[in-house]
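Engineer: Below is a structure I'd like to ask you about.
Computed from the coordinates by the stated procedures, all read-outs in this text should not be read as laboratory data. For clarity, every value in this text was computed on a predicted model and none was experimentally measured. Heads up, the Cβs are rebuilt from the backbone with ideal geometry, glycines too, and the neighbour counts pull from every protein chain shown.
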Amino acid sequence: MEGRMDFDECRVGDIPTVMYVPGFISTTEEAHLLNNIYGAPVSKWKYLKSRRLQNWGGVVHEKGLLPQDFPAWLTKITQRILEKSRLFPSAINHILINEYLPNQGIMPHQDGPAYFPVVAILSLGSPVVMDFTPHSKFRLSTSALKNTVDDKNSNGEVFETDQWKDNHQPFSVLLMPCSLLIFKDDAYSDYLHGIKDNGVQEYGGVVNVNEIVALTAQEVGLPLASPEKAVEVMRDEDAKIITRTKTRVSLTCRLVLKVHKNLFKF
């Protein structure tokens, strides 16, 4: 894609600080990135219970980043994200590369306070649904629910329901291969984000479904009037599901503001 991204044009959903850019890189660039990722030394992989990952840019310490230079292939993609988004005050200096097998996800979480409140996630290999859930501080308490919910059973007890303060509501984004997701500010601080450990995921309620089908229809030469047939991975039109059959790799790109060249100078 050419030129600077317009955040307003790329914004999806009701949260004004979530941007989704389909086709941010080409499939050729995707293959190049995957070749470099899987060509990295075996020692670069860290194995977790539910997935494995690579850490690039250095060690994030509680007092800042102990930096290491990016290889040229990562510098190139982070520079493009920096220049086109204009959302980071300086160069991206830390990347986590996560590998997800078709039935693997990540529990809902927030990125730590060491990072500038903008995160850019580049998706490779396979589609997935990422869920955003408001932080627990925005969940109405049981006592508050008793005052606001009229739905009661025969014993007069209030049913448990998800109700949120200040217009905070859960939402999901479908991340297609070669796409870029950026979220910042309140979407960064007020929400947890995660991926379910499911090989089959529903996409009917995602906030960016129109952007997904329009781009894919254009790529495969289908009319926009039949968008459901545009996305190959969306096999069941009625249930609106994707079947994760391939490994997904994501590059989570962030900026650590405090950088320490020497641990002993803290």
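Engineer: Name the residues whose placed amide hydrogens come within less than 5 Å of the amide hydrogen of Ser179, ignoring near sequence neighbours (fewer than 5 apart) on the same chain.
Structural biologist: Hits under the 5 Å cutoff: Gly23, Phe24, Ser123.
Engineer: Go through Lys63/Lys246; Lys44/Lys196; Lys49/Lys84 and tell me which ones have a Cα-Cα distance over 31 Å in this structure.
Structural biologist: The answer is Lys63/Lys246; Lys49/Lys84.
Engineer: Another one. Would you please give the residues with an amide H less than 5 Å from that of His94, counting only those at least 5 places away or on a separate chain, with H modeled from the backbone geometry?
Structural biologist: Correct list: Arg254, Val256.
Engineer: Using amide H atoms built 1.01 Å from N in the peptide plane, name the residues 5+ places from Gly64, or on other chains, whose amide H lies under 5 Å from its own.
Structural biologist: none
Engineer: PRE reach from Lys63 (point 7 Å along Cα→Cβ): which of the stretch 97-129 fall under 12 Å by backbone N?
Structural biologist: none
Engineer: Continuing with the same structure: I'd like the Karplus ³J(HN,Hα) series for the stretch 60-76: coefficients 6.51, -1.76, 1.60, θ = phi - 60°, whole numbers in Hz, and an x wherever there's a Gly or Pro.
Structural biologist: For the stretch 60-76, the Karplus-derived couplings read 8, 9, 4, 9, x, 9, 9, x, 9, 5, 6, x, 4, 5, 7, 4, 4 Hz, x marking Gly and Pro.
Engineer: Further question on the same structure: Does a label point 7 Å from the Cα of Asn167, set along Cα-to-beta-carbon, have any residues of the stretch 10-40 with amide nitrogen under 20 Å, and which are they?
Structural biologist: Flagged as within label range: 10-20.
Engineer: Under the Karplus relation 6.51 cos²θ - 1.76 cosθ + 1.60, θ = phi - 60°, what is the ordered set of whole-Hz ³J(HN,Hα) values for the stretch 185-190, x standing for Gly and Pro?
Structural biologist: 6, 5, 5, 7, 8, 9
Engineer: Can I ask one more? What spacing in nm lies between the two simple spin-label points modelled at Lys137 and Asp14, each 7 Å away from Cα in the Cβ direction?
Structural biologist: Once both label points are built, they end up 2.1 nm from each other.
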